[in-house]
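Structure first, then comments.
The values are calculated or read from the model by the stated rules, or taken from the named source; none is laboratory data. Since we're looking at a predicted model, the values are computed, not measured. Cβ atoms come from the backbone with ideal geometry, glycine included; neighbour counts cover every protein chain shown. Surface areas here come from the heavy atoms of the whole protein model, side chains and all, with no ligands, DNA or RNA. Shrake-Rupley method; radii C 1.70, N 1.55, O 1.52, S 1.80 Å.
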Amino acid sequence: MAVHSTLVLLAAIGAFGVRGAEVLDGFRPSTVRSDYGAVSEVEFSTRLVVLDPGMLAHHVAGAMKDLQFSERVWLIGYKSGIVDEKGREPRENFLCHTFFADQRVDQHDDKELKGIYSDAFTPEVRLPEGFGIPFAPGDPLHWMPMFNNRGADSVRVGMKVTMTVIREKDLKRPLRRLYANLRSVQAPHLYFVSPGHDERKLTFVAPYNGRIHFLGTHLHPFGTSIELYNESKGERVWVGRRKGGPESPMEVYSSVAGYAVREGERFRVTAVYENPTADRIDAMAGLFILYERD
Ligand SMILES: [Cu+2]
């Protein structure tokens, strides 16, 4: 197995090159419509990688990418998915989460990012109309796909990403720029939940004046909700819940009007898991926050 993994990994590194970034230039018309200009999409994917049983929050070295756009674009949507050897979507979910940003998104939650995320239960993020994240050709971009394999067998899968953009040359009206920040209740992000109810909290102080326009969650199966609460004002900003059972999609917060944030206000993130099994389960819990600065 180990030899097999290594070969796949080497094949992937060889094909992508270890130095120069992969250039994103294969734009094609998107079915998405926007008042702000013609919408395009651009895709990239990993080669097939081997996921051994029990791999959690695993970033396969050969699957990460350094990327750059060939021209100025405004990112307005981001979608990721898993494909098997036949190019089909497997029934089990091997996607943990992915980050696409101007830096490696690590465990330091205070960092302001220019980027976006997706995960197993929010596989597609679409920014509210009128907002975008601008990228220039020279911007060094990093993409980190993270996989889970909770099964008993090794699998070979790949990850495919479709980005929805408005090319600067197609822009009819100016878009408003969003910044991003990740707030996770636990560092390192992976933790384990015993049978029953589990609640974890994180507090942080807002480092900017602005407005939150999008909140996306990252939870694993049996994570039931994640809340953002403004302690300074004593009010709930938003709580995201599952739309169905333990592995159904998560709600997102998406608002053109947004939620006003003042620098120095204190916020609390509360993540809830309900573990109905007799064993401990893997967990992550974070909020991906997209905001506009005043
Ligand atoms: Cu995860």
List pairs: first residue in region 245-260 and over 16 Å from Ala271 (Cβ atoms), second residue among the charged types (D, E, K, R) and assigned to a loop (DSSP other than H, G, I, E, B) anywhere in the structure, Cβ distance under 7 angstrom, at least six positions apart or on different chains. Pro249/Lys243; Val256/Glu129
Is it true that some residue in region 229-237 is acidic (Asp, Glu), in contact (Cβ under 8 Å) with a residue 40 or more places away in the chain and open to solvent by 30 Å² or more (accessible area, probe 1.4 Å)? no
Which ones in region 50-74 are more than 16 Å from the ligand (Cβ to nearest atom) and more than 29 Å from Gly138 (Cα to Cα)? Val50, Asp52, Pro53
Under the condition of being assigned to a loop (DSSP other than H, G, I, E, B) and open to solvent by 20 Å² or more (accessible area, probe 1.4 Å), which residue from region 190-212 is modelled with the lowest pLDDT? Leu190
From the list Arg280, Arg242, which one is surrounded by fewer than 14 Cβ atoms within 10 Å (Cβ to Cβ), touching a residue at least 60 places away in the same chain (Cβ under 8 Å), within 16 Å of the ligand (Cβ to nearest atom) and under 23 Å from Asp119 (Cβ atoms)? Arg280
Among residues of region 134-159 being more than 20 Å from His220 (Cα to Cα) and in contact with a Ser or Thr (Cβ under 8 Å, 6 or more places away or on another chain), the residue surrounded by the fewest Cβ atoms within 10 Å (Cβ to Cβ) is Pro137
Subset of region 176-189 (residues that are of a type outside the set (Gly, Ala, Ser) and either open to solvent by less than 20 Å² (accessible area, probe 1.4 Å) or within 16 Å of the ligand (Cβ to nearest atom) (or both)): Leu178, Asn181, Leu182, Arg183, Val185, Gln186, Pro188, His189
From Glu235, Glu274, grab the single residue that is over 26 Å from Ala101 (Cβ atoms), in contact with a Ser or Thr (Cβ under 7 Å, 6 or more places away or on another chain) and away from the ligand (no atom under 16 Å from the Cβ). Glu274
